[in-house]
Every structure is written in structure tokens, then in C-alpha cells.
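Notes for the one structure printed next.
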Amino acid sequence: MIKEIKGQLTAGKGKYAIVISRFNEFITSKLLEGAIDCLTRHGADESQIEVIWVPGACEITAAAKKLASGGKYAAVICLGAVIRGQTPHYDYVCQQVVRGIGQVNYDCSTPAIFGVLTCENLEQAVDRAGSKMGNAGASAALAAMEMANVMEQL
């Protein structure tokens, strides 16, 4: 018989760290609300959730690595919003944050969940922060719970 491991969408007893960018806070605060709401709806107590604010998207990775390598958390949820402007700065920031969070996952056994919006305009960001496209923060929280459960089974 084939052994199959599947993650459950329940918070369990583990702690969840949410690293969130202060830049574009009018969007990221909505992502945070979605993540916290999702975690609590799936059984997390507020004492299981810690929120760490960082200045911008590029700084998310440094905090995420420290949190993921400490062994204290079941998962680290990374939330931010990068919105294209008129310079190539957007591309550099997006590349750094994607690579950085990916590297955390390579280096650490605690999953780091990518919940950073990379949007062409403000309308797209609003749509993904609780409007037309749902809330990407809640989606990241679901992924965090599922991965935490999978990692616990491995």
C-alpha cells in the first residue's frame, strides 16, 4: 500500500509568525487581517500568533530566516505588497524577496510561506487584499497550516 501524507487545514498547537512589511501598509494591513482571521477560524488561539513588522519587502527575508531557523514556529508567513512604479526598482525588489523567501525554505526546516503581492498597479493589490480576488493573507495562512501539518508528519 502506498503511504500518503496530506496536510490538514487546522492550526494545531504550533505557533505562527507573521512577518509583514510596513511599506504599502494600507494593503499589507488587510493581508494581515486576512491571515489572522484565517488562523483563528482554523483553531489558532491569539497566543499562537506573533506579528513582526519590518520596513519593506526586502527586509522580510532577514526576519523570516531568523524566525524559521529558531525552531519556535510551525510556520512563518511572509506578507508584503510590491506595486510597480515608474522605475525598474519594482523588478529588483520582487526578485530579491522571491529569491530570499525561497532561500529560507532551502535553508530551514520551518516553512516560510510566500504571501507577498507583486502587482502591476494599486487596483490589483486592492483586489488581492480582500476584494475581488479574495485575500492573499488568508491564502498564505492556509498554506502555512497545511505545510506545518505536513512537516509534522515527516
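Data overview
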{"item": "Residue within the stretch 15-31 that is among the hydrophobic types (A, V, I, L, M, F, W, C), in contact with a helix residue (DSSP H, G or I) (Cβ under 9 Å, 6 or more places away or on another chain), over 23 Å from VAL150 (Cβ atoms) and assigned to a loop (DSSP other than H, G, I, E, B) present", "result": "yes"}
{"item": "Criterion (within 10 Å of the chain's Cα centre (by Cα), farther than 22 Å from CYS58 by Cβ and surrounded by 21 or more Cβ atoms within 10 Å (Cβ to Cβ)) met by exactly one of ALA141, ALA136, ALA74", "result": "ALA141"}
{"item": "Boolean, LYS66 is charged (D, E, K, R) and surrounded by fewer than 18 Cβ atoms within 10 Å (Cβ to Cβ)", "result": "yes"}
{"item": "Total residues in the stretch 47-63, condition part of a helix (DSSP H, G or I) and either of a type in the set (A, V, I, L, M, F, W, C) or at pLDDT below 95 (or both)", "result": "5"}
{"item": "Failed item in (1) free of Cβ contacts under 8 Å to residues at least 60 places away in the same chain; (2) under 14 Å from the mean Cα position of the chain (by Cα); (3) part of a helix (DSSP H, G or I); (4) under 27 Å from GLY12 (Cα atoms), with TYR106 passing the rest", "result": "(2)"}
{"item": "Residue match in the stretch 107-126 (condition: exposed (fewer than 14 other Cβ atoms within 10 Å of the Cβ) and more than 20 Å from LYS30 (Cβ to Cβ))", "result": "yes"}
{"item": "Qualifying positions in the stretch 64-89 - under 23 Å from ASN135 (Cα atoms) and assigned to a helix (DSSP H, G or I)", "result": "ALA64"}
{"item": "Residue, surrounded by the fewest Cβ atoms within 10 Å (Cβ to Cβ), within the stretch 41-62, restricted to residues that are within 18 Å of CYS94 (Cβ to Cβ) and either more than 12 Å from the chain's Cα centre (by Cα) or among the charged types (D, E, K, R) (or both)", "result": "PRO55"}
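The values are calculated or read from the model by the stated rules, or taken from the named source; none is laboratory data. Just so you know, these numbers come straight off a predicted model, no measurement behind them. FYI the Cβ positions are ideal-geometry reconstructions off the backbone, even for glycines, and counts take in every protein chain you see.
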